[in-house]
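A short write-up of the structure that comes next.
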Amino acid sequence: MNLSEKEVRYVADLANLRLADEEVSRMRQDLGQILTHIEQLNELDTQSVEPMAQVLYSADETATLREDVPHTSLTNAEALANAAISGASYFKVPRVIER
Amino acid sequence: MSLENGIPALTISSVRQGLLDKKFSARELAEAALQFAEVENPKTNAYLTFSRERALKAAAHVDEEIAKNGFVGALAGVPLGVKDVIVTRNLRTTCGSRILENYIPPYDATAVFRLEAEGAMVIGKLNCDEFAMGSSNENSAYGPVRNPKALDRVSGGSSGGSAAAVAQGTAVVTIGSDTGGSIRQPASFCGVVGITPTYGRVSRYGLVAFASSLDHIGPFARTVEDAATVLHAMAGRDELDATSAFAPIDDYRALMKHSVKGLKIGLPAEYFEGLNAETGSVIDAAVKQLQNLGCEVRQISLPHTKYALSCYYIIATAEASSNLARYDGVRYTIRAAGDTLAEMYRNTRGSGFGAEVKRRIMLGTYVLSAGYYDAYYKKAQQVRTLIARDFTNAFADVDAILAPVSPFPAFKIGEKVDDPLAMYLSDVYTLTGDLAGVPCMSVPCGESRDGLPIGLQIFTKHFDEATMLRIAYNYERATTR
């Protein structure tokens, strides 16, 4: 099973990924191969099986809550230190809203 | 012990003894370890960054404490390497990716913080597959890690640098991460000890997220005892990671020295099918050795093993597609041009991520996309329940499970890069441990005819690292001259 070019481009858009044409054709084949393998899961009847999202251990319901104690967090300068572009204490991005 | 040529022979306890006996200072050791690592590193490409300043600062603190008979931590003066998906304050953390080439984290991972609090000296950051996605370290944007035991072969992955540095002797201990086998598989390929603890045993705070429900931090070392010491220092509840566990931490080093006589060990039939013959006979010999030490061995079944790969590649990629959405050209240093916000996102991610990361983001996005959720993601979560249940059922009858780590020893660099599914199949024996969240490890148990290391995998119940380490320690003692 290969994915269609249209399907690959649609998923790439959802994932915010620019793919070159040769990447699209490679992806059609690679994803198709993996998805074909994954179809084996249909051999299993899982109708009455609970899904497992996380490894869970028994603990008190509120065990993970902590005291609400204020503490210092990153400064504005520290938080912006890795920004691609920053200015006026903000992350800057291409214009989104037209005035 | 002279430091110049003795670095690869050091252990945590020999470092401690040397410091307390004033054979060398922590500063001298830091200098010697850094010099050795910098000279040796080009052979394997294990380190991406050296952190001289940080190591010397830690050394100065250790030397001060020793001079005033103060606090000598469990890892005092121990040269430590950290996988580059674990953040270090003011020290570049690339995740093996171009997209984070210049990223300088503003905070430390809890694991690193705890090891440094015990006196460890971080000497550098270690190469890995991009965002820990890979089984050979060939997906690093900074080049593959070569296996110190055979330089034309892969180190394994994704924590290839962490395994190679310990095997090569350029660190005494290292830490890495495991989502589908990324600690155990490179440990087995490089012939060192690697531990994937129980899910939640070590805080994930500061581990750059790949698949949050599967990600683990764990240690690499040349001896079981050193690995146990590092695990003990990192383990325990951390309020910065809500999934970190409250369970008490056992005294691993004391408990592992107990005899293994009478322990019940299961051999799962599913892990011995399709196994390379040489690996099979080395594992058989290791099992016999443990039988000679008094373990009772029986055949068991983990019937859903063959579904682990499909289950894993749905869950791990789904979580990854969400976790990696944050690398969008806004907060993490690198941005590609684009006329609109959406164009900028797409161009940055398209040029910043490597092929395997894109493949997994695409697969994860596909399986979560409208109309497919029940067929893929929900189905995989249900199968995960069955895989976890296999372990629960098995541990009703046995104390531990033994298996190979990988179906074959280290393969040649380039051998599997063009076939993603064949590469994924090299993790077929390690994925189950992460899916079930049980502790598991690789301990060296022999070599192929070509001298390639082979690892024995040990699984135990949730939070029973002590029994796992006991088996590994007794095996190591019985087989090391």
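P(r) tail for the stretch B:373-481, what percent of Cα pairs lie past 23 Å? Each step should come with its number before you reach the end.
Working: 2442 of 5886 pairs.
Across the stretch B:373-481, Cα pairs with separations above 23 Å total 41 percent.
If you take the charge dipole of the protein assembly as shown about its Cα centre, with +1 on Lys and Arg Cβ and -1 on Asp and Glu Cβ, which of B:382, A:33, B:95 is farthest toward its positive end?
B:95
Taking the C-alpha atoms of the stretch B:249-290, how large are the radius of gyration and the largest Cα-Cα span, Dmax, in Å?
Rg and Dmax of the stretch B:249-290, Cα atoms, are 14.1, 39 Å.
What FRET efficiency, computed as 1/(1 + (r/R0)^6) with R0 = 56 Å and r the Cβ-Cβ distance, is obtained for residue A:73 and residue B:447, rounded to the nearest 0.05? Kindly include the intermediate steps, with their values, before the conclusion.
Details: r = 51 Å, r/R0 = 0.91.
That gives a FRET efficiency of 0.65.
Which one of B:317, B:361, B:334 is farthest out on the positive end of the charge dipole of the stretch B:310-375, using unit charges on Cβ (Lys, Arg +1; Asp, Glu -1) and the Cα centre as origin?
Positive-most Cα among the choices belongs to B:334.
Taking a point 7 angstrom from the Cα of residue B:60 along the C-beta vector, which residues in the stretch B:20-43 have backbone N less than 17 Å away?
Once the point is set 7 Å along Cα→Cβ of residue B:60, B:25-32 turn out to lie under 17 Å by backbone N, inside the stretch B:20-43.
If you take each beta carbon of peptide A:14-27 and count the beta carbons of other chains within 10 angstrom, what is the mean?
On the way: counts 8, 16, 15, 13, 11, 5, 2, 0, 0, 5, 0, 0, 4, 6.
For this peptide, the per-residue mean of nearby foreign Cβ atoms is 6.
Please compute the volume of the convex hull spanned by the alpha-carbon atoms of the stretch B:141-270 and report it per residue in Å³.
Values: hull volume 19.5 nm³, N = 130.
In the stretch B:141-270, the Cα convex hull volume per residue is 150 Å³.
Dimensions of the stretch B:129-174 along principal axes (Cα, Å, largest first)?
Principal extents (largest minus smallest coordinate, Cα): 25, 22, 15 Å.
If you place +1 on the Cβ of every Lys and Arg, -1 on the Cβ of every Asp and Glu, and leave all else neutral, what size is the dipole of the protein assembly as shown about its Cα centre, to the nearest 20 Debye? Intermediate results must be reported in sequence, preceding the final value.
Details: 58 positive and 69 negative charges, 147 e Å.
Roughly 700 debye, rounded to the nearest 20.
Grab the beta carbon distance between residue A:58 and residue B:422, set R0 = 60 Å, and tell me the FRET efficiency rounded to 0.05.
Details: r = 40 Å, r/R0 = 0.67.
Rounded to the nearest 0.05, the efficiency is 0.90.
Considering the alpha-carbon set of chain A alone, what are its Rg and its Dmax in angstrom?
Calculated on Cα positions, Rg and Dmax stand at 23.3, 57 Å.
Compactness ratio of the stretch A:43-99: Cα Rg over 2.2 N^0.38 Å, N = residue count? Walk me through the numbers before you get to the answer.
On the way: Rg = 22.6 Å, N = 57, 2.2 N^0.38 = 10.2 Å.
Compactness ratio reported: 2.21.
Over 21 Å, how big is the tail of the calculated P(r) for the stretch B:1-67, in percent of all Cα pairs?
Numbers: 527 of 2211 pairs.
More than 21 Å apart: 24 percent of the Cα pairs in the stretch B:1-67.
Out of every Cα pair in the stretch B:3-255, what percent are spaced more than 25 Å from each other?
On the way: 11100 of 31878 pairs.
Summing the P(r) tail past 25 Å for the stretch B:3-255 gives 35 percent.
To the nearest 20 Debye, how big is the dipole of chain B about its Cα centre, given +1 on the beta carbon of each Lys and Arg and -1 on that of each Asp and Glu? Could you put the intermediate results ahead of the total?
Working: 49 positive and 52 negative charges, 23 e Å.
Dipole size: approximately 100 debye.
How compact is the stretch B:47-163 by the rule of thumb for globular proteins, expressed as Cα Rg over 2.2 N^0.38 Å?
Against the empirical 2.2 N^0.38 Å value, I get 1.14 for the stretch B:47-163.
Given N residues in the stretch B:218-338, what is its alpha carbon radius of gyration divided by 2.2 N^0.38 Å? Display every interim value, and only then the final one.
Working: Rg = 21.3 Å, N = 121, 2.2 N^0.38 = 13.6 Å.
So the stretch B:218-338 has a normalised radius of gyration of 1.56.
I'm checking a number: the convex hull volume of the Cα atoms of chain B, normalised per residue, in Å³. What is it? Write out the running numbers ahead of the final one.
Numbers: hull volume 66.0 nm³, N = 481.
Once divided by residue count, the hull of chain B is 137 Å³.
Only bridges whose two residues both fall in chain B count here: according to DSSP, what percent of them are antiparallel, nearest 5? It would help to have the intermediate numbers written out before the result.
Values: 32 of 47 bridges.
Percent antiparallel among DSSP bridges in chain B is about 70.
In the structure shown, do any of A:6/B:379; B:261/B:461; B:57/B:149 have a Cα-Cα gap over 23 Å, and if so which?
Working: A:6/B:379 25 Å; B:261/B:461 18 Å; B:57/B:149 33 Å.
Where the Cα-Cα span goes over 23 Å, the pairs concerned are A:6/B:379; B:57/B:149.
Regarding the protein assembly as shown, what whole-number volume in Å³ per residue does the convex hull of its Cα atoms give? Don't jump to the answer; show the numbers that get you there.
Values: hull volume 97.1 nm³, N = 580.
Once divided by residue count, the hull of the protein assembly as shown is 167 Å³.
Can you order the peptides B:275-288, B:120-133 by their average number of other Cβ atoms within 10 Å per residue, highest first? Show your work: numbers first, answer last.
Details: B:275-288: 16.6, B:120-133: 29.7.
Answer by packing, highest mean first, reads B:120-133, B:275-288.
Could you check what % of the DSSP bridge pairs in the protein assembly as shown are antiparallel, to the nearest 5?
Working: 34 of 49 bridges.
Antiparallel bridges: around 70 percent, rounded to the nearest 5.
I want to check the label-to-label distance for residue B:264 and residue B:13. Put each point 7 Å from Cα in the C-beta direction and report it in nm to one decimal.
The modelled label-to-label distance comes out at 3.3 nm.
Read-outs throughout are calculated quantities, based only on the coordinates presented, and are distinct from any laboratory measurement. If you're wondering where the values come from, they're calculated on a predicted model, not measured in any experiment. No Cβ is skipped: glycine too gets one built from the backbone with ideal geometry, and neighbour counts run over all protein chains shown.
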